[in-house]
Amino acid sequence: MVGQTDIAESVLSPDRLLPAEGLPLRVARELYESVEDLPIVSPHGHIPVEWFAQDKHFANPTDLFITPDHYVTRILHGQGVALSELGVGQSDFTDQQARNAFLMLGKHWSAFAGTPMRYWFEDSLARVFGIKKKFGPETAGAIYDELDEMLKTPEFSTRALANRFNMDFVSTTDDPVSDLKLHDKVNADPGFKPFVAPAFRPDKYLEPSRADWPQLVDALGRSADIDASTYEGFTEAMRRRRRYFKDHGAVLSDHSHADLNCERLSDGEVHLLFGEAYAGRIGAKDAARLRAHLFNDQARLAQEDGLVMTVHPAIARNYDATAFANYGADVGGDIPARAEYVEALRPLLNAYGNNPDFHFVAFTDDETVYSRELAPLAGFYPSFFIGAPWWFIDAPDSISRYFHDVVPYAGFTKLSGFIDDTRAICSIPSRHDMNRRVTASFVASLVCDRRISMEEGLEIVHNQIAVQPKHVFKLDAAEQ
Amino acid sequence: MVGQTDIAESVLSPDRLLPAEGLPLRVARELYESVEDLPIVSPHGHIPVEWFAQDKHFANPTDLFITPDHYVTRILHGQGVALSELGVGQSDFTDQQARNAFLMLGKHWSAFAGTPMRYWFEDSLARVFGIKKKFGPETAGAIYDELDEMLKTPEFSTRALANRFNMDFVSTTDDPVSDLKLHDKVNADPGFKPFVAPAFRPDKYLEPSRADWPQLVDALGRSADIDASTYEGFTEAMRRRRRYFKDHGAVLSDHSHADLNCERLSDGEVHLLFGEAYAGRIGAKDAARLRAHLFNDQARLAQEDGLVMTVHPAIARNYDATAFANYGADVGGDIPARAEYVEALRPLLNAYGNNPDFHFVAFTDDETVYSRELAPLAGFYPSFFIGAPWWFIDAPDSISRYFHDVVPYAGFTKLSGFIDDTRAICSIPSRHDMNRRVTASFVASLVCDRRISMEEGLEIVHNQIAVQPKHVFKLDAAEQ
Amino acid sequence: MVGQTDIAESVLSPDRLLPAEGLPLRVARELYESVEDLPIVSPHGHIPVEWFAQDKHFANPTDLFITPDHYVTRILHGQGVALSELGVGQSDFTDQQARNAFLMLGKHWSAFAGTPMRYWFEDSLARVFGIKKKFGPETAGAIYDELDEMLKTPEFSTRALANRFNMDFVSTTDDPVSDLKLHDKVNADPGFKPFVAPAFRPDKYLEPSRADWPQLVDALGRSADIDASTYEGFTEAMRRRRRYFKDHGAVLSDHSHADLNCERLSDGEVHLLFGEAYAGRIGAKDAARLRAHLFNDQARLAQEDGLVMTVHPAIARNYDATAFANYGADVGGDIPARAEYVEALRPLLNAYGNNPDFHFVAFTDDETVYSRELAPLAGFYPSFFIGAPWWFIDAPDSISRYFHDVVPYAGFTKLSGFIDDTRAICSIPSRHDMNRRVTASFVASLVCDRRISMEEGLEIVHNQIAVQPKHVFKLDAAEQ
């Protein structure tokens, strides 16, 4: 009976996610401790700005931890729980139903063993709420009640949490026509620590295959005070809205299409296809070609306004037709697909890749591209950065693989830094802490390999956490 | 000169495949010991039922360890040994030839260093036959003679071995037209411990491109006592044969085609294409479309009868034309190809993926799909389970990668449990023991990461070995 | 403050790249020390034969370490440094410019942390030049001056370095029309230790889509003293030039096309397409089909002359149009693409794969093919060997992954042995030493897994370093 004696207090050990023992643990611990308390910089995320603006109080623990977090709801769905039982898409979800949903999480807690969702949740319970009791079927009810009481107090409003989390910078994800008034309001509050930046997410405006595309074009035009129904007008509207976002603190435009094709069309063809699309009679193939051109244009506009361009392609969106019909988008029915960057991005990189003032960050859920495609591209192009593992692969295991897959070929200076990419506010400090531990463990492995000195190791972890995200996402400029 | 002193007795060490030393070893050892002696549950395999029915005595050690095992013969072929020298396809293989084949294995033994085939063989020699002598060119002859003598004794017949191996459940793989009388006979023997289940493997009946497909359809119809020459008749024949298999203890249908396409045809088209195929005049492209529909039908029928559906696509079968011409199928000339699950399975998962009573298990030899495709699908769909690494990738290294690739995204409850998938009877306990060691080592890594407690670790390894395979393959129901 | 005390002298530690501590370190150290001083065998490389023939003195440290090494220049380019500043394509690069380039390397040294380029450079400084001072922005100038002085002395000419590096065999890469006189001259020098073999690299002669292909065909014909303007003449010219290379010590032909297609054409078609190509009017699609046939012919000719065939497909060459326009090929603007071996090689392997006298070595920069495609092919075909990780993936991390990905399925005897593949002469001993360390660490992991004994471990590392490359590349025959 060794294990139980040695590491009984394991789950909240200060050494979690660090090497098991010995020299690797001592080195990793020193590295981790040197960055443990640094402020959080989060250049891409999904917290609705309304939460900050209203200083939202979460209705109950389920409203905080389950309903808005498709990481959690999808695992429960995979256990046979209906999304509606978890509050997804339910406008009139009662307190009793919310409590039942939380009990359901407790009941299926063993399904989360080994997942990061469990890690974040336990970490949040302990560090944000001071609950040390082990979560599970027997304790879920008591923990719900304890949390519920706390959530009613001022210390646990959205702004109070964000202040407590020591966040310097947080980003929302926004529609290009948004007036960003709520961002202005939040950032005007002197008692609120983080700067809340909007992010320019024009995906739907670049998809001429959508039935509602002409209406979207009109809305874009209205927001930019220009007739966007021609290619020139559309482009000028995009230029204005990007500038508007930048003026309100945005640092990036974010893009997720089925692929990264960005072949430009001839002048004649782009006018022709734009006209057909606006008239609602473009075919699927031409719509894809027009989208490639419009996507390329976003890179072209970035040469003017300096917004960082982030991409995360190759997700089969709304894969499950039933879930989509019942609950709409973004409820867990997305599945990654095989991704391709090299051929697809050639036109864009040949045009803008050598501009060091242009920053292009490639995220992926297909790990096979890290060593084969992304690291070689980042190694060559000054503009190219490799996004940290995110969404499906933001676990300690894949973050570790990422470092081993890309650092040898592109070095630390071509990494994006960590991205939390989440709607689950309490998971933000847990995710960043997880990343700091895994980063420390990887850098410790280089030190223990005798590839770098301890002194360099300390410098590298500091740069990865405190400097690299600000450099890649041009944050210092944005906050001015 | 450290190593030789410290771990000289290494190959049969009780700690093999566990971490090298220290806390990780102590934790893994405790986890392993807790499941070491559990009975073997083997829901998918290839031991011919005839061996059990006849209580086959192996003619000699080559007949046991080499000729029927394409894992072993392919490596020897890769060393330049002709398959005929190993007894493959030789109906009149003499004892002298068999001895020579075994000497050949000894001669090329260094080619097996680092492979699981070596691990299983050495493990079997020591644990099944009590031979502690090191196998190699100098000892192969003596070991052959020793084994040969033992194989003639009652303790080493097929049934005696299976009883000794502490097997609760073992599956064969069978033709849908089989009458399964041998299964009934074996299972009626009160002195035989394991339940021997048939498995429904209809691949060739679903391939209308085969020249002999009309004859196969007729044979299927005869076995089901119905005219199968129309689509309705064929479907009813399938329904009856699946039910017949289930009534005789089958728990699964097993499918391996070039891809997983399962797009359904319209009623009109399926009748048209079925008719053309039965008349022997269907083209390759239409045959593939009809196969996709018929494969989809197997999932549809599973909604009625509850058979688990297992798939392992994307193998280039009979790749080497010479080997195929000389020896036929299944002699080692199969090579894995790139696999795709997400797009291919969309029709099937949209129709049946949310049915928790439907169990779909996806195996692969293409490791790239684990984190990108299989874990996200298993995370979302209650019906979807991720098959353990098998065939080319059933080694400690890839089993470990599998855990690291899928557990963070889908959790332990969406794994299939271990599958031995073998014709080599003595390797069955060795393979299961290997899996228990690697499972213990992975779970130990979570404990040492302080992600789970030792108590949970013990629960997880127990579930993985004793509970999960029975749940995924509905074994408790089957054995009643 | 643990790390700094414990492993302060880390970067040049005798234990670098070995496990951190304990039993794994002791085992790996013993294995490594047993092969540390073995001579270097390098069957594939890119040192220009002229350097050996002229016994070139490097003009300065930049001429040695930066300008000719696209591994280094690409990382600096990725930091925003123009290739011209590094001397690439500059015929009149002054000493001052060279010194500035070296300072640039110092300035960006942190971008190399964790990369093998840094490892090789620091290893070379210490072991070849005896410089123990840490390289970086502050020391780059002083180190430049120190190196510059040494490079002017006879001890640091190309031949003196090669002699000092204990190289037994080194290969250049050559145009099929080369007269190989320089190789003869170098190999006739009794004071020069390594045998310098040419390698047959016919890529451009097999690409009928090139505008200059008819001229290349004529040049090939002239070098072979035959009219090569017909398919028969071309084939005979190839036969003669391959034989000529072999007679001058070549052991291999080396091939890198966009893919590995090798489907043969009918006699009629090959004559037709060859004629059209020679007349300069072949289309892209037919040119690709003709190339596939001509590539297949190289394998056919290898059956006659016994040259080893090495391939490394699927690189997007000259990806960056600007770099290509300004500096030409091979300056770092190549990016790997997804590779496919199984379907593409079927015609070749079905024809020649079972000939044990034919040696086919498959290299890749796409790691996904190791366990899925290359290991299964090598496991079955006696002719098939899996090339060591090279180019983008020749780092400790990927060499380690390579062993874990292929050894379990194909064993050690189907590996190519290490390939340094470099223009950077000082990196040769560093690269081989790196490989010996990683090989020792992998074999140590098998010993610590109790999968092999220490005695076998020692035999395996010896074979991998001293025996396997000579066997795979038939070096003993070549040197006679």
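Quick notes on this structure:
- For residue C:152, label point 7 Å along C-beta direction: distances to other copies, nm: 8.6, 8.6
- Cβ crowding within 10 Å, taken as a proxy for footprinting-reagent exposure, orders C:271, A:57 from fewest neighbours to most as C:271, A:57.
- Rounded to whole Å, the principal axis extents of the Cα atoms in the stretch B:58-156 read 33, 32, 21, largest first.
- Mean ellipticity per residue at 222 nm, deg cm²/dmol - from DSSP H runs of n ≥ 4 across chain A, formula -39500 (n - 2.57): -14500 deg cm²/dmol
- Charge tally in the Cβ shell below 9 Å around residue C:315, where Lys, Arg are +1 and Asp, Glu are -1, residue C:315 excluded: -1
- Calculated P(r) tail over 21 Å for the stretch B:12-84, as whole % of Cα pairs: 58
- Label distances, nm, residue C:92 versus same residue in remaining copies, Cβ-directed 7 Å point: 8.6, 8.6
- Taking all C-alpha pairs of chain A, those more than 34 Å from each other amount to 37 percent.
- Label distances, nm, residue C:343 versus same residue in remaining copies, Cβ-directed 7 Å point: 1.2, 1.2
- Percent RCO, i.e. relative contact order, over the stretch A:386-472, from Cα pairs under 8 Å lying at least 6 residues apart: 34
- Likely footprinting exposure, C:118, C:281, fewest C-beta neighbours within 10 Å first: C:281, C:118
- Scattering profile of the stretch C:410-480 at q = 0.16 Å⁻¹ [log10 I(q)/I(0), Debye over alpha-carbon scatterers]: -0.64
- Value in Å of the Kirkwood radius, where the stretch A:210-277 supplies the Cα pairs that are averaged: 13.3
- The P(r) of the protein assembly as shown has a tail past 41 Å containing 53 percent of all C-alpha pairs.
- Taking every alpha-carbon pair under 8 Å whose residues sit at least 6 apart, the stretch B:117-253 reaches a relative contact order of 19 percent.
- Bins of 5 Å, starting at 0 and running to the largest distance - Cα pair percent for the stretch B:111-157: 5, 20, 28, 26, 14, 5, 1
- Residue order, fewest to most beta carbons within 10 Å, for B:92, A:334: B:92, A:334
- Separation of the stretch C:282-354 from the stretch B:93-122 is 37 Å, based on Cα centroids.
- Along chain C, the longest continuous region that contains none of the GluC sites (Glu not before Pro) in a DSSP loop with at most 15 other C-beta atoms within 10 Å is C:264-480.
- Violating pairs (Cα-Cα greater than 26 angstrom) within the set A:56/A:204; A:246/A:470; B:193/B:414; B:134/C:474: A:56/A:204; B:193/B:414; B:134/C:474
- Annotation: amide H of residue C:316 within the under-5 Å range of C:335, C:337, sequence separation 5 or more or interchain, hydrogens built in the peptide plane.
- Relative contact order, whole percent, for chain C stands at 20, derived from Cα pairs under 8 Å and 6 or more residues apart.
- For q = 0.10, 0.13 Å⁻¹, Debye-computed log10 I/I(0) when each Cα of the stretch B:330-423 counts as one equal scatterer: -0.26, -0.43
- Relative compactness, the stretch C:238-282, computed as alpha-carbon Rg over 2.2 N^0.38 Å: 1.54
- Mean projection of the Cα convex hull over all viewing directions, computed for the stretch C:220-346: 9.3 nm².
- Chain C, closest residue to the rotation axis toward B, by beta-carbon, whole angstrom: C:368, 3
- Residues whose amide H falls under 5 Å from that of residue B:385, counting only those 5 or more places apart or on a different chain, are B:360, B:361, B:362, with hydrogens built in the peptide plane.
- Rounded to the nearest 20 debye, the dipole magnitude of chain C is 240 debye, with +1 charges on Lys and Arg beta carbons, -1 on Asp and Glu beta carbons, and the Cα centre as origin.
- In Å, descending, principal axis extents of the Cα set of the stretch C:1-129: 54, 41, 23
- Placing unit charges on the Cβ atoms only, positive for Lys and Arg and negative for Asp and Glu, gives the protein assembly as shown a dipole magnitude near 100 debye about its Cα centre.
- Pairwise label distance in nanometres, residue C:211 with residue C:134, each label 7 Å out on the Cα-Cβ vector: 5.3
Throughout, read-outs are computed from the coordinates displayed, never taken from laboratory work. Note that the coordinates shown come from a computational prediction; the quantities given were computed from them, not determined experimentally. Because the Cβ atoms are built from the backbone with ideal geometry, glycine has one as well, and the counts that use them run over all protein chains shown.
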